[in-house]
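Presented below is the structure to which this report refers.
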Amino acid sequence: MADANGNIAITTAELAQMEQELEQHFAAIMSILRIDPADPNSADTPKRLARMWIRELFRGRYEPPPRCTLFPNRRKVHGLVMSRGIEVRSICSHHWQPIIGQCVIGYIPGDFIIGLSKLNRVVEWFSRRGQVQEELTEQIADFLQQKLQPKALGIVVVCRHYCVILRGVEGDEEQAVMVTTAWRGKLSEDAQLREEFLRLAGMEVPDYVKR
């Protein structure tokens, strides 16, 4: 067992067994909901659901971490290196509804720089499991800090939570977004550097960052 946003080693055989067991439970849930299993639109739904949850939505729980290819910082780059528009597609741990949004990652290299596509893969690996956005942001930051050892690291995650949108909270809930940040190294200490980061990320800089 592991937390919803944890990662556990599992064999291919165990994964297949889990999928079979989950299919049976989804069939039981549909029976409780009084959905006719003979309905042609629902006949294979338990199998589809089991495969989707294990091999797609929650696959980050069972896959090993992505390889992070590092390259020497030969030119002694000392400015912010940033990747914007990284997709976040996750599942809320509380209600198992989608969390959809984007992530911005920026860092000042130390001895190494990282292959750009690896940032996307790290975000996807941590996203594809039950998550709380605050913890997701910190997990990404801790992982990259350990692997890359940058002089500064910043993570901004902006998402819509469908547990809010679909559950009928009154108001403009469909437009509401949640913003979380994580700062490491110089970005945790230097307000001007955080302001530069947020401007490069295309975000409005709140007053508390300027202090």
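The numbers here are math on the coordinates, done by the rules we state, and not lab data. Keep in mind the model is a prediction, meaning the values are calculated, not measured. Note: ideal-geometry Cβ built from the backbone for every residue, glycine included; neighbour counts use all protein chains shown.
Measuring from label point to label point, each 7 Å out along Cα→Cβ, what is the residue 21 to residue 175 span in nm?
4.6 nm
Using a Gaussian network model of the chain whose springs link C-alpha atoms within less than 10 Å, name the residue from 114, 32, 165 with the highest mean-square fluctuation.
Largest GNM mean-square fluctuation: 32.
Let's test the formula: R0 of 45 Å, r as the Cβ-Cβ distance of residue 48 and residue 146. What FRET efficiency results, to the nearest 0.05?
About 0.75, to the nearest 0.05.
Need one number: nm distance between label points at residue 163 and residue 74, each 7 Å from Cα along Cα→Cβ, rounded to one decimal.
4.8 nm
Can you count the Lys pairs in the chain whose Cα atoms are under 24 Å apart, with each pair 8 or more apart or on different chains?
Close lysine pairs found across the chain: 11.
Given labels modelled 7 Å from the Cα in the Cβ direction, how far is it in nm from residue 29 to residue 121?
3.1 nm
Per 5 Å bin, what percent of the C-alpha pairs of the chain does each bin hold, from zero upward?
Bin by bin from 0 Å, the calculated values are 1, 7, 13, 15, 16, 14, 12, 8, 5, 4, 3, 1, 0, 0.
Between rounded, prolate and oblate, where does the stretch 37-103 land on the alpha carbon gyration tensor, with a ≥ b ≥ c its root eigenvalues, rounded for a/c under 1.5, else prolate if a/b exceeds b/c?
Judged from the Cα gyration tensor, the stretch 37-103 comes out prolate (a/c at least 1.5, a/b above b/c).
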